[in-house]
Structures are given as structure tokens and as C-alpha cells.
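The values are calculated or read from the model by the stated rules, or taken from the named source; none is laboratory data. Being a predicted model, the structure only gives us computed values, none of them experimental. So basically every Cβ, Gly included, is an ideal-geometry build from the backbone, and we count neighbours across all protein chains shown.
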Amino acid sequence: MTSKLIAPSVLAADFANLQRDVEMINKSDADWFHIDIMDGVFVPNISFGMPVLRDIVKHATKTIDVHLMIVDPDRYIKVFADLGSTILTVHYEACTHLHRTLQAIKAEGMQAGVAINPHTNVSVLEDVINDIDLVCIMSVNPGFGGQSFIEHTYKKVKHLKDIIVRNNANTLIEIDGGVTDKNAHQLVAAGADVLVAGSYVFKSEDPIKTIKGLKEIIA
Ligand code: DX5
Ligand code: ZN
């Protein structure tokens with residue numbers, strides 16, 4: 001059994017104090033940096049791009065988990081590899097030739113992730129599950145932090161876990177959106193490996209303590 005991981009979403013950080021917030025994550029019990037890249041086309045919001053990621057990577061001492069919410073992600077695979085991404089996650093809904101995209105991500109030395117929107121059934125990933133290092137199940141509609149968790153997610157996690165086990169795959173299950181102390185335990189019990197948490201961490205009074213609390217819940 002691998003240990004369960006927490007990935008704070010930098011989207012909820014204070015961008016005017018980004019170095020401070022990156023160092024907070026370095027110091028904390030968090031495992032990964034979750035980085036949300038939005039293009040204003042695939043999702044109705046624009047977050048930040050390459051120059052900001054470059055500066056985050058300069059200070060970050062943990063795994064860089066990049067979640068691309070962009071159309072035509074193939075155009076930017078090399079760029080994100082060069083910037084220092086450890087994991088590059090593309091959206092199932094944005095990839096016509098998903099298998100090819102996954103191979104291209106791995107060819108650049110990164111781990112390959114696939115994110116699915118709330119309306120997408122996990123069964124569509126069965127034929128490529130052995131090629132995927134991480135599936136990111138969106139538990140809110142992508143585009144914004146601070147939304148509330150969609151309860152149907154638990155069922156999706158169990159279904160995906162079953163597909164992974166049946167295919168003898170090593171794929172990690174990540175949950176993204178509305179994660180708090182209220183759903184963390186049940187998500188992990190259903191089969192989740194990585195919990196992304198944005199607002200719950202950064203809007204709390206003591207983010208280091210909040211991360212520690214989440215780690216204790218999922219231990
Ligand atoms: C949503 C992003 C999430 C977001 C999560 O489109 O992919 O990573 O930052 O934020 P919270 O935890 O606030 O829902
Ligand atoms: Zn995300």
C-alpha cells in the first residue's frame with residue numbers, strides 16, 4: 001500500500017507573496033505542488049502561465065504536478081517538460097488521440113496524467129489505463145477554486161479503482177476540487193491516492209497545520 005498524498009493547489013495562493021507560499025508548502029507535510037494552467041478556452045478562466053511556473057519551480061523542493069486545462073495540450077508538452085514538470089496531466093475531453101499524447105508526455109521524461117470532467121465516465125479510460133500514471137478525477141467543474149465537492153465522485157473513485165485492479169495497473173487516483181477534512185477520509189477509503197486541496201489549505205488560518213491535519217486524516 002503506497003502512502004496517501006496531499007497536493008496543495010497553488011491556484012489558491014497569494015500571487016503577490018508567491019515565494020512565501022511556495023516555501024510554506026516546502027516546509028509543510030504536503031507531498032506535491034499542484035499547478036493549474038487554464039487557457040480561457042477549455043475552461044472559462046485564465047490562471048497563469050509559463051513565467052509563473054518557472055519561478056515556482058525555482059523555489060519548490062517537491063514534485064511538480066501540472067494540471068493542464070487547455071485545448072490542444074500536445075503543443076506544449078515539451079515546454080512543460082523543460083520548465084521542470086514531474087507529472088503532466090491533460091484532459092481526456094481535450095485529446096483526440098489520447099494514447100499518442102500519453103506517449104509524447106513520457107518521451108519527454110514526465111509521468112503522464114489524464115483528468116476527467118464530472119460528466120465523463122471513468123470507463124472511457126479502460127483501454128489506456130496501463131499507459132496512465134495518474135488519473136485526476138475532477139470533483140468540481142474545472143476552472144475555479146473554491147467550489148463545492150460533487151458527491152457522485154465517491155462512486156467514480158470506486159469504479160476507477162476496480163478498473164485499475166482488474167488491469168493490474170499502477171495508476172494513482174487523484175481527486176481535484178472541493179477537498180476538505182469532511183471528505184478526505186471517505187475519498188481515501190474509496191481508493192484515492194492523492195488529494196488536491198486549494199482553498200481549504202490557503203484560506204485557512206494556519207495552512208501548515210491544515211495540511212498536517214489532512215495528512216493525519218488520510219494516514
Ligand atoms: C479547479 C482546479 C483545482 C482547484 C482546486 O479547476 O483544477 O485544482 O485549484 O481548488 P479547491 O480545492 O479550492 O476546490
Ligand atoms: Zn487542478
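Some notes on this structure:
- Where helices (runs of 4 or more DSSP H) fall wholly inside the stretch 1-117, the ranges with 2 or more residues that are under 24 Å from Ile137 (Cβ atoms) and among the basic types (Lys, Arg) are 98-107.
- Of all residues in the stretch 34-56, those satisfying the criterion of being surrounded by fewer than 17 Cβ atoms within 10 Å (Cβ to Cβ) and closer than 23 Å to Gly177 by Cα are Gly40, Val41, Pro44, Asn45, Ile46, Gly49, Met50, Val52.
- Number of the condition not met by Ala7 [criteria: (1) farther than 16 Å from Ile87 by Cβ; (2) touching a Phe, Trp or Tyr at 6+ places or on another chain (Cβ under 7 Å)]: (1)
- Lys27 meets the stated requirement of being charged (D, E, K, R), at pLDDT 95 or above and more than 16 Å from the chain's Cα centre (by Cα).
- Hits in the stretch 65-95 (condition: under 16 Å from Ser9 (Cβ atoms) and either of a type in the set (Gly, Ala, Ser) or surrounded by fewer than 21 Cβ atoms within 10 Å (Cβ to Cβ) (or both)): Ser85, Thr86
- The selection criterion, being away from ligand 1 (no atom under 15 Å from the Cβ), of a type in the set (Lys, Arg) and farther than 17 Å from Asn141 by Cα, does not hold for Lys203.
- Counting the residues of the stretch 185-213 that are within 16 Å of ligand 2 (Cβ to nearest atom), over 14 Å from the mean Cα position of the chain (by Cα) and buried (at least 23 other Cβ atoms within 10 Å of the Cβ) gives 3.
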